[in-house]
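The next block holds one structure in the form of structure tokens; read it before the comments.
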Amino acid sequence: MGINKTAYQEIQSFCSQKHVTLVAVSKTKPVADIQALYDMGQRDFGENYVQELVEKQPQLPADIRWHFIGHLQSNKVKYIASFVHLIHGVDSLKLLKEINKQAAKHNRVIHVLLQVHIAKEETKFGLDGSELAELLNHPELPALQNIRIIGLMGMASFSDDEELVRSEFKSLKALFDEHASLSTINCQLSTLSMGMSGDYQIAIEEGSNMVRIGSLLFGARI
Ligand SMILES: *Cc1c(COP(=O)(O)O)cnc(C)c1O
């Protein structure tokens, strides 16, 4: 158990050289391990489950930037709206509206990333290219003044096939570039969240500026 300090130092310095934000994914890991990484200077942490995040957050320093990286159900937004820093996995107007509503209650503007489905694997989550374009240009979007869409997020196939993974990251980067000129009151894409423990170097080569890394830092999850 415990964190891998050497791996953290290496990955952290690699990411900072490349101007990439490192999100340390702490799901299923104890508060003591998060505190240990915090004590080494890490401030961005990612969690996948609302209940787990809500339990951990008050036990840890208030200046941690909490990233919600899992699939967020509309009825749970209210539990994290007062403190969440960035919500990565948004893929519907319905969820954007709920985040907007809960953010307004706390007088906040909550930053979000839209999740794009790039992997070959079947999953219910994430937008395809045309759904993304539709959502970004949706007439109801400008009224949502308590959210800001600041970028895109995606996950490549869980595969050893480096060329497959690379091509999936390329496809997300192409969508990101396609919409980069969009600039409305609450939508301007600057953050591209792609890359995990197994593929973050490829992701950075393909243009990622935010990686979400868990097992390399905290050890494998059971
Ligand atoms: C768990 C998770 C990660 C981190 O995965 P590792 O392979 O442990 O680095 C990154 N992104 C998302 C969306 C996750 O669910």
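The values are calculated or read from the model by the stated rules, or taken from the named source; none is laboratory data. Bear in mind that the values here come from a model prediction, so they are computed numbers and not experimental data. Positions of Cβ are backbone-derived with ideal geometry, glycine not excepted, and every protein chain shown enters the neighbour counts. When the accessible area is computed, the model is the full protein with side chains, heavy atoms only, and any ligands, DNA or RNA have been set aside. Shrake-Rupley method; radii C 1.70, N 1.55, O 1.52, S 1.80 Å.
If you scan the range 40-55, which residues turn out to be away from the ligand (no atom under 15 Å from the Cβ) and either within 11 Å of T28 (Cα to Cα) or not acidic (D, E) (or both)? Hits for the range 40-55 are M40, G41, R43, Q51, V54.
Only one entry in L164, L113, L136 is within 16 Å of the ligand (Cβ to nearest atom) and among the aliphatic types (A, V, I, L, M), namely L113.
The criterion of being more than 18 Å from L72 (Cα to Cα), buried (at least 16 other Cβ atoms within 10 Å of the Cβ) and not aliphatic (A, V, I, L, M) holds for F169. Within the range 125-166, being hydrophobic (A, V, I, L, M, F, W, C) and part of a loop (DSSP other than H, G, I, E, B) holds for F125, L144, A156, F158. The test for being of a type in the set (K, R) and either open to solvent by less than 30 Å² (accessible area, probe 1.4 Å) or without any contact (Cβ under 8 Å) to a residue 12 or more places away in the chain (or both) holds for K124. Please enumerate the residues belonging to the range 185-222 that are charged (D, E, K, R), near the ligand (Cβ under 8 Å from one of its atoms) and assigned to a loop (DSSP other than H, G, I, E, B). Scanning the range 185-222 gives a single hit, R221.
Annotation for the range 167-177: no member residue is within 16 Å of the ligand (Cβ to nearest atom) and not in a helix (DSSP H, G or I). Residues in the range 129-155 that are exposed (fewer than 12 other Cβ atoms within 10 Å of the Cβ) and either in contact with a Leu (Cβ under 7 Å, 6 or more places away or on another chain) or within 25 Å of R212 (Cα to Cα) (or both): E140 alone.
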